Amino acid sequence: ILSFSTPPGRLSMMAFVLNALTCALGLLYFIRRGKQCLDFTVTVHFFHLLGCWIYNSRFPWALPWWLVQVVCTALMAAIGEYLCMRIELREIPLSSVPKSNV
């Protein structure tokens, strides 16, 4: 169904890309470490490959499928790492004033 020439194929590809963007937000909320984003992204896509292989009873050989998976892996890892690094690099507030209002 993944094809550049048909509207349903392009719609499926866009769904994969949007899924990669939402999974990048998932990396931000569940992983919170920039160094681990690539590991979790590759693991998720590896399990997706296994699921597709088992579901279809054959290894996916279609070039558009592989291109979509590579693009989605790169997007998810890059955006997830960017978002996590923004959180990690925030300034730590240093204050000498006690926080209690006694």
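Could you please find all residues in segment 23-57 being outside any helix (DSSP H, G or I), within 22 Å of residue 83 (Cβ to Cβ) and either of a type in the set (A, V, I, L, M, F, W, C) or at pLDDT 90 or above (or both)?
Of everything in segment 23-57, just one residue is outside any helix (DSSP H, G or I), within 22 Å of residue 83 (Cβ to Cβ) and either of a type in the set (A, V, I, L, M, F, W, C) or at pLDDT 90 or above (or both), namely 31.
Just one of (1) modelled with pLDDT under 95; (2) exposed (fewer than 10 other Cβ atoms within 10 Å of the Cβ) trips up residue 84, so point out which.
Every condition holds for residue 84 apart from (2).
If you check 60, 64, 98, 93, which single one turns out to be modelled with pLDDT under 90 and under 24 Å from residue 9 (Cβ atoms)?
It is 64.
Quick one: in segment 30-69, which of the residues that are under 22 Å from residue 88 (Cα atoms) and of a type in the set (Lys, Arg) is most open to solvent (accessible area, probe 1.4 Å)?
35
Which condition number does residue 20 fail, the rest of (1) open to solvent by 100 Å² or more (accessible area, probe 1.4 Å); (2) in contact (Cβ under 8 Å) with a residue 40 or more places away in the chain; (3) not aromatic (Phe, Trp, Tyr) being met?
Unmet condition: (1).
Kindly indicate which of 81, 91 is in a loop (DSSP other than H, G, I, E, B), at negative phi and not small (Gly, Ala, Ser).
Selected residue: 91, the only one of 81, 91 that is in a loop (DSSP other than H, G, I, E, B), at negative phi and not small (Gly, Ala, Ser).
The values are calculated or read from the model by the stated rules, or taken from the named source; none is laboratory data. Predicted, not measured: the structure shown is a model, and the values here were computed from it. All Cβ positions, even for glycine, are placed from backbone atoms using ideal geometry, and neighbour counts span all protein chains on display. Only protein heavy atoms, including side chains, enter the accessible area calculation; ligands, DNA and RNA are left aside. Shrake-Rupley method; radii C 1.70, N 1.55, O 1.52, S 1.80 Å.
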